[in-house]
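The structure appears right after this line, and notes come after that.
Read-outs: derived from the displayed coordinates by stated rules, not from any lab. Note that the coordinates shown come from a computational prediction; the quantities given were computed from them, not determined experimentally. So basically every Cβ, Gly included, is an ideal-geometry build from the backbone, and we count neighbours across all protein chains shown.
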Amino acid sequence: MIWEQHCLVIVMTTRVMERGRPKCHQYFEPDVNGEATYGYFTVRTISIEADPDHTISTLQLTNTKTEESREVSHWQFTSWPDYGVPHSARAMLDFLERVRRQQANMVTALGDTWAGHPRGPPIVVHCSAGIGRTGTFCTLDICISRLEDVGTVDVRGTVEKIRSQRAYSIQMPDQYVFCHLALIEYALMKGHLQSADLSGFDQGVDEDSE
């Protein structure tokens, strides 16, 4: 899929192991110059940059049948807690902004060789089941784009649209609440709001989701 769609960026919103159990297969080597093979594709880890909240890996994907190689930027968000959701959205918002910037830079680097969508190939987003944290990330991305374009957001409508294409996205109530809180935090950061009273906003929210 990555090769077929010419994807440039992968977003991983889970750690490989959480709570002592596997959450996601380690589909690329975690060490520089490590190489993994899947059929006639090889994945080589070129570089790794570890920050407190995320890890960025540059991967080289090679089709051994044609000897063609492409660079893929892998962004792993590592500060999502084992239980519930982050208490602050700042790390996730910064992560999302950097992912967008990376996609834009890589599309620009393609130049005239890319004739598809102006914003480039699709970004692949995944977690473990692909519905909870993935749905949360996608909802934030869509809603922030809408806020910047037209000045309004519709979290419920966005989630309903995503669920029509990916069932059970935004898996738990606390993830739904987190989307609202994150958008308020973003609006405050960017000056779309001057103040916000969030007292009692998350009362009664279940904090056991993954």
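Mind running the shape call on region 145-190? Use the C-alpha gyration tensor, a ≥ b ≥ c as the square roots of the eigenvalues: rounded below 1.5 for a/c, prolate if a/b tops b/c, oblate otherwise. It is oblate, given that a/c is not under 1.5 and a/b is not larger than b/c. Taking only alpha carbon atoms, region 1-128 gives an Rg to Rh ratio of 0.98, where Rh is the Kirkwood radius.
What helices does the chain hold that run 24 Å or longer along their axis, going by alpha-carbon atoms, with a Kyte-Doolittle average of -1.0 or more, using DSSP H for the helix calls? All intermediate terms of the calculation are to be shown ahead of the outcome.
Working: long enough: 90-110 (30 Å, -0.21); 133-150 (25 Å, 0.32); 173-190 (26 Å, 0.51).
Helices meeting the criterion: 90-110, 133-150, 173-190.
Residue separation of Arg19 and Met189 scaled by 0.36 nm, minus their Cα-Cα distance, works out to 57.9 nm of gained length. Computed over the chain, relative contact order equals 20 percent, with contacts defined as Cα pairs under 8 Å that lie 6+ residues apart. The lysines within cross-link reach of Lys161, meaning a Cα-to-Cα straight distance under 27 Å and a gap of 8 or more places when in the same chain, are Lys23, Lys190.
Across region 119-159, the convex hull enclosing all Cα atoms gives 65 Å³ per residue. Rounded to the nearest 20 debye, the dipole magnitude of region 129-193 is 180 debye, with +1 charges on Lys and Arg beta carbons, -1 on Asp and Glu beta carbons, and the Cα centre as origin. For the chain, the dipole from Cβ point charges (+1 on Lys and Arg, -1 on Asp and Glu) about the Cα centre works out to 400 debye, to the nearest 20. What you get for region 1-119, charging only the Cβ of Lys and Arg (+1) and of Asp and Glu (-1), is a dipole of about 360 debye around the Cα centre.
If you run the Gaussian network model on the chain, springs between alpha carbon atoms under 10 Å, then out of Val72, Val32, Val177 the most flexible one is Val32. Over the chain, DSSP H runs of length four or greater, each weighted -39,500 (n - 2.57), average out per residue to a 222 nm ellipticity of -11000 deg cm²/dmol.
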